[in-house]
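Student: After the structure tokens below, expect a handful of questions from me.
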Amino acid sequence: MTSENPDPWDEGTPVPLYVITGGPASAAKTYDLVTLIAARSEPDPSMQPEQAAILSLCTYPLSVAEVSAYLSLPFSVVTVLLSKLVDEERLEAIAPVPVAAFPERGLLEAVIHGLRKL
């Protein structure tokens, strides 16, 4: 190609996000920014580079926000990629603990006070 009309598939040209996600028909599950993602398998050579990168990153659980930041991809794109990998059972999504599941502050203070008496 000439310098006036560069090759659109040149490595310097960014890939449109709809190509990465598989098009507009892709449906993603809803994830929180703090949902933990853990790999259940190794990446395959035939996988998309973004999916392989997610599996490589998540050998230790990472939040969806961290995965998005490490890949420099928007949260919405990452959730579509994660949904596909979870459906294929290559990833495990661990939901955050709801606030109501935490013990009350008074109970924690009573436990701390009891431990100090020991």
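The values are calculated or read from the model by the stated rules, or taken from the named source; none is laboratory data. All values derive from a computational prediction rather than experimental measurement. Here the Cβ is made from the backbone with ideal geometry for all residues, glycine too, and neighbour counts use every protein chain on show. With ligands, DNA and RNA removed, areas are computed over all heavy atoms of the protein, side chains included. Shrake-Rupley method; radii C 1.70, N 1.55, O 1.52, S 1.80 Å.
Student: What does the accessible area of residue 30 come to, in Å² to the nearest 10, when a probe of 1.4 Å is used?
Tutor: Ignoring ligands and nucleic acids, residue 30 comes out at about 140 Å².
Student: Next up: Answer rounded, prolate or oblate for region 51-118, using the Cα gyration tensor with square roots of eigenvalues a ≥ b ≥ c: rounded when a/c is under 1.5, else prolate when a/b is larger than b/c, else oblate.
Tutor: Prolate, since a/c reaches 1.5 and a/b exceeds b/c.
Student: Now for a separate question. Subtract the Cα-Cα distance of residue 41 and residue 75 from 0.36 nm times their separation in residues, and report this length gain in nm to one decimal.
Tutor: Going from the current span to full extension adds 10.0 nm.
Student: For region 33-118, which GluC sites (Glu not before Pro) are both in a DSSP coil and crowded by at most 16 other Cβ atoms within 10 Å?
Tutor: On the way: sites: 50, 66, 88, 89, 92, 104, 109; in loops: 88, 89, 104.
Here the GluC sites (Glu not before Pro) that fit, given the DSSP loop and packing criteria, are 88, 89, 104.
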